Amino acid sequence: MLSSSIDSLIARLPKAELHLHIEGSLEPEMLFALAARNGVNIPFASAEDVRAAYSFSNLQDFLDIYYQGMSVLITEQDFYDLTWAYLERAAADSVRHVEIFFDPQGHTERGVAFETVLGGITRALADGAARLGISHRLIMCFLRHLSEDEAFATLDQALPHLDRIDGVGLDSSEVGHPPAKFARVFAKARDLGLHVVAHAGEEGPPEYVYQALDLLKVERIDHGNRALEDPALTARIAAEGLTLTVCPLSNLRLCVIGDMAQSPVKRMLEQGLKATVNADDPAYFGGYINDNFRAVAGALGLSAGEIIELARNSFTGSFLPADAIAAHLAEIDRVVAEAGQ
Ligand code: ADE
Ligand code: ZN
């Protein structure tokens, strides 16, 4: 049980979300509504049926259902509705800034145009800034189970739109698809001035985290759980001040951890790592960002100071300019003072 003061601190703390797959925010109710709107058949009778099917024993189990779920996303308005619903939900959790992932290859391979996907997402992000005061960055992920050539083709599709794409990432099935496979694509992305991040050490070994650092030259590590198995790697990540985007409920649902008490969040902070807390795919893993904060705070007995540190890390680890980060940290200080923490 969380104390009411910790619960209310979590609710009120301004935060940034740095690890969120927009397609993973497709709630079963919207899945049904879009299936009906677009005349797409889905093998479920109700939203409850869909939720019951969300039982995963590993990352691949989840990915199979996640890619199936995407089949209802067809029009620009679908991508707008998906993104807008996430932003409204994030605003309710005191999220002030989002750096969201999208998976263009999950759509283009179904015949949905890159511009349709990008148009809907970025129109909602612009409305999120204007109407909800949430700033954003957009990160285009390459699906690592696909080839290097396909990643290059995706980067080519993005070229006319780099005014609306801030970075590239690497996601999907990790084991068997090491970062090395994408070293040349990431080099090109860096040359284009894009930010670079990658999922590493979610299921893959510490070696994949080394590759993400040395070959992809990532600015942030998504997940990074298994980096803790290697003390030299842990010390290096701490020394370089790299941010890790940890996703506690995702880790639990994908059996990366057996129990929330095994979440690495507290150990990371204790070892001087800049950990953050994020939702990953909230519609599939049972919770949005504050649910993730509450889950780790309860299971690990996090102090108010540690929760505040996690919120601060979310801004300092973001791609916002220094003045915006400073303004968000000042708002955290005000909220903490009001809460008497
Ligand atoms: N795509 C969506 N969520 C993911 C995750 N947690 N790991 C890898 N790829 C993903
Ligand atoms: Zn992820």
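None of the figures in this text is laboratory data; all of them are computed from the coordinates on show. Note that the structure is a prediction, hence the values are computed from the model and not measured. For neighbour counting, all protein chains shown are included, and Cβ atoms are generated from backbone atoms with ideal geometry for every residue, glycine included.
Observations, loosely collected:
- Cross-link reach is defined here as a Cα-Cα straight distance under 29 Å, omitting same-chain residues fewer than 8 places apart; for Lys188 the lysines meeting it are Lys217, Lys274.
- Charged-residue dipole, Cβ positions (Lys, Arg, Asp, Glu), the range 4-339 about Cα centre, Debye nearest 20: 560
- Ranking Ser173, Ser94, Ala158 by how far each Cα lies toward the positive end of the dipole of the range 4-339 (charges on Cβ) leaves Ser94 at the top.
- Ranking of Cys247, Cys255, Cys141 by count of other Cβ atoms within 10 Å, fewest first: Cys255, Cys141, Cys247
- Loop-located GluC sites (Glu not before Pro) across the range 257-322 with a Cβ neighbour count of 10 or fewer within 10 Å are lacking, with loop assigned by DSSP.
- Taking 0.36 nm per residue of sequence separation and removing the Cα-Cα distance, the Ala261/Ala239 pair yields an extension gain of 5.3 nm.
- At the listed q of 0.13, 0.15, 0.29, 0.30 Å⁻¹, the Debye profile of the range 156-201, built from one uniform point per Cα, gives log10 I(q)/I(0) equal to -0.31, -0.40, -1.13, -1.17.
- Here is the tail figure for the range 150-235: Cα pairs spaced more than 16 Å apart come to 50 percent of all pairs.
- Residue list for the range 74-89, given a label point 7 angstrom along the Cα-to-Cβ vector of Asp127 and an amide N cut-off under 13 Å: 76-89
- Max mean-square fluctuation residue, GNM over the chain, Cα-Cα springs under 10 Å, options Asp78, Asp171, Asp61: Asp61
- As an equivalent ellipsoid, the range 1-85 spans semi-axes of 28, 17, 13 angstrom, where each value is the square root of five times an eigenvalue of the C-alpha gyration tensor, largest first.
- Centroid-to-centroid separation of the range 1-29 and the range 222-284 [C-alpha atoms, Å]: 16
- By the equivalent-ellipsoid construction on the alpha carbon gyration tensor, the range 234-341 comes out with semi-axes of 23, 17, 14 Å, ordered largest to smallest.
- Three principal axis extents describe the C-alpha atoms of the range 4-339; from largest down they are 50, 42, 40 Å.
- Take every pair of alpha-carbon atoms less than 8 Å apart whose residues are at least six positions apart; their mean separation over the length of the range 92-197 yields a relative contact order of 27 percent.
- Amide H to amide H, with H built 1.01 Å from N, Phe142 comes under 5 Å of Gly169, Leu170, Asp171, counting only residues 5 or more places away or on other chains.
- When the convex hull of its Cα atoms is projected in every direction, mean area for the range 73-171 (nm²): 6.0
- What the phi angles of the range 154-161 give under the Karplus curve with 6.51, -1.76 and 1.60, with θ = phi - 60°, is a coupling list of 5, 4, 4, 4, 7, 3, x, 10 Hz, glycine and proline written as x.
- Across the chain, C-alpha contacts under 8 Å between residues 6 or more apart give a mean separation that, scaled by the residue count, equals a relative contact order of 20 percent.
- Residues whose amide H comes within less than 5 Å of that of His136, counting only those at least five positions distant or on another chain, are Val98 (H built at 1.01 Å from N in the peptide plane).
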